[in-house]
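J.: Please see the structure below; I have some questions.
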Amino acid sequence: MRIALFPLGSAGDVHPFLGLGQALQQRGHDVAIMVNEYFQKPVQQIGLQHHPLGTAEEFLAVTRDPNLWRPVRSFGSVVRHGIHWAMREQYAVVQRHFADRSTLLLANCLSFGVRIAAEKLGLPLVTVHLQPAALWSEHRSPALPCVPAGLPRWCKRLIFRAGQGLVIDRTVCPATNRFRRELGLPPMRRTLDWWNSPDGVLCLFPEWYAPVQPDWPIPLWFSQFPLWDESELRSEQAEVAAFLDEGEAPLVFAPGSANCQARPFFAAGVDACRRLDRRGVLVSPFADQIPHPLPVTVRHFDYVPFSRLLPRAAALVHHGGIGTTAQGLRAGICHLVMPMAHDQPDNADRLLRLGVGDWIRPRNFRGPTVAAALDRLLRSSEVADRCRQVADRFAGIDPFVEACRVVERAGATP
């Protein structure tokens, strides 16, 4: 089978598609992927066909937009720098290389150019959701700043309709519909419904993490968390291993692979380590975000595969991205989350409900508060028990087997 993958976003968005692409390729399929030049090296290492989508500098320029991390303004930043920036090039690549029904398209919900190409050219498309926050429900709604918990369904329905019409569609539809008019397609609206392909939706998260809701799209399939983090592509990092061997399990601080505005987060983390007399690991590719000098008990690393690091950690302090969340759940350690935007508040809420962690608003994320929250989590036998119970759910699980089966069934459907 010929399969084309279209992720759009940071490493947390791209890595699951790389892992899925590698698994599909190992099952004998012909797999291509379209990603930014920033991710070209791992694509080449696993041997997927690559179609470029912009330069590494263009990717890094997006990360420097401060609105990307603000709850109200983040969606507009994603639309400008992601959806609309990539839309025409995605369409062109599909039209040029995959414009026949023998190719199955797999794309995340932000890849509007692929969604439009599938509609225009009559191609099969499965929408891939990495996080449940992308699926609205008036039953169990995603935790969003604009939708307070505990509202009745009729009230959530009104808020959702107003928010989609007055905010989301006004941001998304004008440029999207100009492109659609050029192609002779009718205008689209109700973005959060339209971005789900009528051919089906694949959820790369298990149903125990986000139970299916009555008003989610159909057909819809669940898989497991992808859990792909380049560990097989990177040699052992002697410096990391040596630090982990030197003392007790550290606290790990990871605000997101694309977060180049994390100085306050790391400053609070270092302060918390001092207050708790704990060792710490700071993970970020942006060295200018790290406080200097660091205590000898705290180390910074550009990148460490979480599948190697987190099983040897005491706690994970992070932004609430779904990839980091899943790796922490598998490692069986407690979470402390500073959710900023996107799906992060919803993941923070789900971790709290699972009993494996807590969260702190960015404005309150200071050393004393972080230290107190971590101390409470680390001392709790109930939290430790819940972490072990959740980690047990990952035992013996192949993260891509079910996803590959879903893709193969979807590709075999006429």
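The values are calculated or read from the model by the stated rules, or taken from the named source; none is laboratory data. Just so it is clear, the model here is predicted, and its values are computed rather than measured. All Cβ positions, even for glycine, are placed from backbone atoms using ideal geometry, and neighbour counts span all protein chains on display.
J.: Identify all residues within segment 358-405 that are under 20 Å from Asp346 (Cβ atoms) and outside any helix (DSSP H, G or I); write none if there are none.
T.: Within segment 358-405, Asp358, Trp359, Ile360, Arg361, Phe365, Arg393 qualify.
J.: Now for a different question. Which of the following residues is modelled with pLDDT of 95 or more, of a type in the set (A, V, I, L, M, F, W, C), in a helix (DSSP H, G or I) and assigned by TED's automatic domain parsing to the domain that holds Ser197: Ala32, Ala107, Ala117?
T.: Selected residue: Ala117, the only one of Ala32, Ala107, Ala117 that is modelled with pLDDT of 95 or more, of a type in the set (A, V, I, L, M, F, W, C), in a helix (DSSP H, G or I) and assigned by TED's automatic domain parsing to the domain that holds Ser197.
J.: Hey, another quick one. What pairs come out if I take residues in segment 54-74 that are free of Cβ contacts under 8 Å to residues at least 24 places away in the same chain and pair them with residues that are surrounded by 14 or more Cβ atoms within 10 Å (Cβ to Cβ) and of a type in the set (Lys, Arg) whose C-beta lies under 6 Å away, six or more apart or interchain?
T.: Listed pairs, sorted by first residue: Asn67/Arg73.
J.: Does any residue of segment 285-296 turn out to be of a type outside the set (S, T, N, Q), touching a residue at least 40 places away in the same chain (Cβ under 8 Å), in contact with a strand residue (DSSP E or B) (Cβ under 9 Å, 6 or more places away or on another chain) and not assigned by TED's automatic domain parsing to the domain that holds Leu60?
T.: The answer is no, given that none of the residues of segment 285-296 is of a type outside the set (S, T, N, Q), touching a residue at least 40 places away in the same chain (Cβ under 8 Å), in contact with a strand residue (DSSP E or B) (Cβ under 9 Å, 6 or more places away or on another chain) and not assigned by TED's automatic domain parsing to the domain that holds Leu60.
J.: Can I ask one more? Among the listed residues Arg350, Arg393, which satisfies the condition of being of a type outside the set (Ser, Thr, Tyr) and farther than 25 Å from Phe75 by Cα?
T.: Arg393
Here is a yes/no grid of residues against (1) out of contact with any His (no Cβ under 6 Å at 6 or more places or on another chain); (2) in a loop (DSSP other than H, G, I, E, B); (3) in contact (Cβ under 8 Å) with a residue 12 or more places away in the chain; (4) surrounded by fewer than 20 Cβ atoms within 10 Å (Cβ to Cβ):
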| residue | (1), (2), (3), (4) |
| --- | --- |
| Ala175 | no, no, yes, yes |
| Met188 | yes, yes, yes, yes |
| Asp199 | yes, yes, yes, yes |
| Tyr209 | yes, yes, yes, no |
| Gln213 | no, yes, yes, yes |
| Ser231 | yes, yes, yes, yes |
| Phe243 | yes, no, yes, yes |
| Ser257 | yes, yes, yes, no |
| Pro264 | yes, no, yes, yes |
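J.: If Leu192 passes every condition in (1) closer than 30 Å to Ala412 by Cβ; (2) at pLDDT 95 or above; (3) crowded, with 16+ Cβ neighbours inside 10 Å but one, which one does it miss?
T.: (2)
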